[in-house]
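Working notes, beginning with the structure itself.
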Amino acid sequence: QEKKIFTVQGPYPVIRSLLRARGWVERKLPGAGRPLCSACPPDEEEEEEEEEQWDEDPDGIHDLMSCLVRDQEPYFIWTNRCGAVDCRLLRQDQVLNHYAQVGAFTTKEGLCLNLRNLPWVDQADPDTFFPRCYRLGAVDERQAFIEDFHLTAARSLLKLALESAGDVLTGMEQPLKSGKGPGEHAELGLGEGGQRRVPRSHIPHPMPSTAGPGPPLPPQLVEEALQVCEQHLGSLGHQDIDGDPPSPCMMGTDWDRFLRDYYRVAHEGAGLAPSGAQRERCRALLQRLAGRLPQLGMEGDRSVWILKPGAKSRGRGIVCVAQLEEVLRLAAPSGRAGEWVVQKYVERPLLIFGTKFDVRQWFLVTDWNPLTVWFYRKSYLRFCSQPFSLRHLDPARHLCNVSIQKQCGPARGRHPQLPPDQTWSCRQLQAYLAQVGRAGAWHQVMVPGMKAAVVGTLRSAQDLVRSRKGSFELYGADFVFGEDCQPWLLEINASPTMAPSSAVTGRLCASVQRDTLRVVIDRRDNPTCPTGAFELIYKE
């Protein structure tokens with residue numbers, strides 16, 4: 001009569017325990033799994049649970065209670081994948097922890113495609129929080145990626161030309177202010193006085209070459225890059241909107257030669273000898289491009305891109321690539337390029353003790369019409385096991401996924417203050433930022449940026465998700481941060497893992513499950529009840 005019957009599919013002992021403590025009885029499923037329904041195709045990137053199973057019912061009392069309610073319908077259903085239950089067959093009073101059709105933003109392909117709609121539904125630019133991305137299976141997007149790679153290489157060459165002359169690149173990002181000394185600034189990419197500088201870790205590293213770098217490449221290479229970037233700046237300023245577009249500076253074979261020379265500079269350490277006039281043009285042009293291209297600072301100068309399978313999670317199949325030909329070759333086997341997306345890699349990330357990390361940030365949607373979004377004030381960091389370096393593009397240095405890093409051994413000489421289990425809480429990050437003179441970065445830059453990215457992403461996909469009153473869903477967003485602490489959204493996961501892979505995740509995963517039930521169950525009966533660390537950040 002009180003409708004306190006629940007069903008849980010998957011290893012969620014915390015959810016079971018919390019519901020039983022509220023007086024609910026579990027109706028256990030007869031089998032380990034259920035067939036996927038046609039209404040909810042398995043197109044979401046779901047993280048597989050890795051929790052160990054243990055006996056939660058040593059006395060058999062819960063099995064007995066389950067037998068007593070076996071003919072009753074559950075009123076609260078928590079599953080580890082959307083397609084486990086046919087949403088169309090549920091009554092209005094049955095609560096389900098999933099929505100249908102969320103692949104519009106929980107697959108890499110869906111996120112890549114639908115964020116482009118954001119300017120139409122909100123006055124926001126996805127390029128300010130989502131690294132530009134292309135679906136290689138679409139012919140027009142494949143060509144757009146090739147053109148983007150060309151332009152990125154040309155901009156990178158201008159940066160390398162300035163660096164070769166010892167110039168400091170300033171003004172491409174807002175300078176970070178700090179009162180610390182130069183040694184402490186180094187971790188955040190700052191020079192003395194807190195002004196932006198180019199960190200050593202982001203200056204091109206010489207790559208082994210049998211031929212050696214050889215003599216400096218001729219100034220004509222810099223001149224070609226200048227002409228390409230000047231033409232691109234003109235198109236960004238719509239200078240050619242009323243007339244025919246100008247003829248391209250370079251065609252196919254010209255670009256092949258240009259990229260070969262660019263690779264020699266960026267990856268093999270070949271020198272450049274720009275004239276004084278060219279250096280001034282490079283500096284002025286990059287300053288003007290910075291006002292038009294929000295990603296100019298984070299994209300670095302190595303033209304590294306990250307190639308991802310379109311609908312997999314936990315880092316599976318992801319590789320970092322620095323040459324156009326290799327991207328196209330890797331994405332083309334068996335004619336299945338449609339499964340791949342390619343995205344600009346953040347070459348200038350915020351590092352902690354020289355090591356890359358990302359943040360898993362939870363958020364909860366309790367309604368799609370009106371869109372209602374809750375942001376969790378607790379999150380955790382996942383570290384790479386090897387120090388960051390653009391000289392080596394192996395997963396141990398660049399992919400923070402727990403399932404990837406547990407296969408990698410710790411680096412020799414690893415900084416002693418880095419956690420052996422590769423995780424920190426966001427409180428530990430805040431303490432670190434305070435130590436390096438950026439005490440306000442978390443609350444003033446990082447959290448507001450993540451909130452804006454989450455809301456913008458959901459609004460861009462809102463019309464594609466199948467809304468259902470009585471449902472809710474918890475998601476896990478992954479962010480990496482630039483040197484200026486601005487967040488960059490990498491992906492959003494449906495069914496984020498609740499596996500206690502470390503002491504930090506064990507504590508926080510239990511906390512977010514407890515607070516989720518406060519929002520979706522307790523608050524229904526008492527709208528003023530505490531919601532734990534969940535904060536309502538958006539309601540239409």
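The values are calculated or read from the model by the stated rules, or taken from the named source; none is laboratory data. Keep in mind it's a predicted model, so treat the numbers as computed, not measured. We place every Cβ from the backbone using ideal geometry, glycine too, and count neighbours over all the protein chains shown. The accessibility values were calculated without ligands, DNA or RNA, using every heavy atom of the protein model including side chains. Shrake-Rupley method; radii C 1.70, N 1.55, O 1.52, S 1.80 Å.
At 1.4 Å probe size, what's the solvent-accessible area of His232? Round to the nearest 10 Å².
About 30 Å², rounded to the nearest 10.
Can you compute 3J(HN,Hα) from phi for each residue in the range 255-260, using the Karplus curve 6.51 cos²θ - 1.76 cosθ + 1.60 with θ = phi - 60°, rounded to whole Hz and x for Gly and Pro?
Karplus-based 3J(HN,Hα) across the range 255-260 equals 5, 4, 5, 4, 5, 4 Hz.
Each residue of the range 443-458 in order: what ³J(HN,Hα) in whole Hz does its phi give by Karplus 6.51 cos²θ - 1.76 cosθ + 1.60, θ = phi - 60°, with x for Gly and Pro?
For the range 443-458, the Karplus curve yields 7, 9, 10, 6, 5, x, x, 5, 4, 4, 5, 5, 5, x, 5, 5 Hz.
Let me check something: with ligands and nucleic acids excluded, how do Phe353, Phe145 order by accessible area (1.4 Å probe), largest to smallest? Mind dumping the intermediate values first?
Details: Phe353 45, Phe145 0 Å².
From most accessible down to least: Phe353, Phe145.
Would you calculate the separation in nanometres between label points at Trp120 and His238, each defined as 7 Å from the Cα along the Cα-to-beta-carbon direction?
Calculated label separation equals 1.9 nm.
Using the Cβ atoms and a cut-off under 11 Å, what net charge is assigned to the surroundings of Leu221, where Lys and Arg are +1 and Asp and Glu are -1?
Working: positive: Arg257, Arg260, Arg264; negative: Glu223, Glu224, Asp261.
After counting each charged neighbour, the total is 0.
Calculate the length of the line joining the C-alpha centroid of the range 86-142 to that of the range 1-28, in whole Å.
31 Å
If you add up the charges near Gln386, with Lys and Arg at +1 and Asp and Glu at -1, over every other residue whose beta carbon is less than 11 angstrom from its beta carbon, what do you get? Show your work: numbers first, answer last.
Working: positive: Lys356, Arg397, Arg412, Arg414; negative: Asp394.
Charge balance in the 11 Å sphere: +3.
Based on Cα coordinates alone, diagonalise the gyration tensor for the range 277-422, multiply each eigenvalue by 5, take square roots, and list the semi-axes in whole Å, largest first.
Details: eigenvalues 149, 107, 92 Å².
Largest first, the range 277-422 gives 27, 23, 21 Å.
Taking the Cα atoms of the range 388-540 alone, what are Rg (to one decimal) and Dmax (as a whole number) in Å?
Expressed in Å, the Cα Rg and Dmax of the range 388-540 come to 18.0, 57.
Residue by residue through the range 388-397, what is 3J(HN,Hα) from phi via Karplus (6.51 cos²θ - 1.76 cosθ + 1.60, θ = phi - 60°)? Round to whole Hz and write x for glycine and proline.
Karplus values, whole Hz, x for Gly and Pro: 5, 7, 7, 6, 10, 10, 7, x, 4, 9.
Leaving out ligands, DNA and RNA but keeping every protein chain, what accessible area does Arg459 have, in Å² rounded to the nearest 10, with a 1.4 Å probe?
60 Å²
How would you order 406-418, 272-284 from highest to lowest mean count of nearby Cβ atoms within 10 Å? Mind showing how you got there, number by number?
On the way: 406-418: 11.5, 272-284: 16.6.
Descending packing order for the listed peptides: 272-284, 406-418.
Can you list residues whose amide H is under 5 Å from Val85's amide H, if they're 5+ apart or on another chain and H is modeled 1.01 Å from N?
Cys37
How high is the FRET efficiency from His443 to Asp63, r the C-beta distance, R0 56 Å, rounded to 0.05? Present the calculation step by step, with values, prior to reporting the outcome.
Working: r = 48 Å, r/R0 = 0.85.
So the FRET efficiency works out to roughly 0.70.
Pull out a ≥ b ≥ c, the square roots of the eigenvalues of the alpha-carbon gyration tensor of the range 468-540, then state rounded if a/c is under 1.5, prolate if not and a/b is larger than b/c, and oblate in the remaining case. Don't skip to the end; give the middle numbers.
Values: a/c = 1.93, a/b = 1.46, b/c = 1.32.
Prolate, since a/c reaches 1.5 and a/b exceeds b/c.
Give the relative contact order (percent, whole number) for the range 487-540; include only Cα pairs under 8 Å separated by 6+ residues.
Numbers: 26 pairs, mean separation 11.7, N = 54.
Dividing the mean separation by the residue count of the range 487-540 yields 22 percent.
Long-range amide H contacts for Leu272: which residues qualify at under 5 Å (H placed 1.01 Å from N, peptide plane, sequence gap of 5 or more or a different chain)?
Placed amide hydrogens put Leu217 under 5 Å from Leu272.
Full-extension gain between Ala431 and Asp522, please, as 0.36 nm times their residue separation minus the C-alpha to C-alpha distance.
Residue separation times 0.36 nm, minus the Cα-Cα distance, leaves 29.4 nm.
Just how much of Ser425 is accessible, in Å², when a 1.4 Å probe is used and the result is rounded to the nearest 10?
Probe radius 1.4 Å; accessible area of Ser425 about 10 Å².
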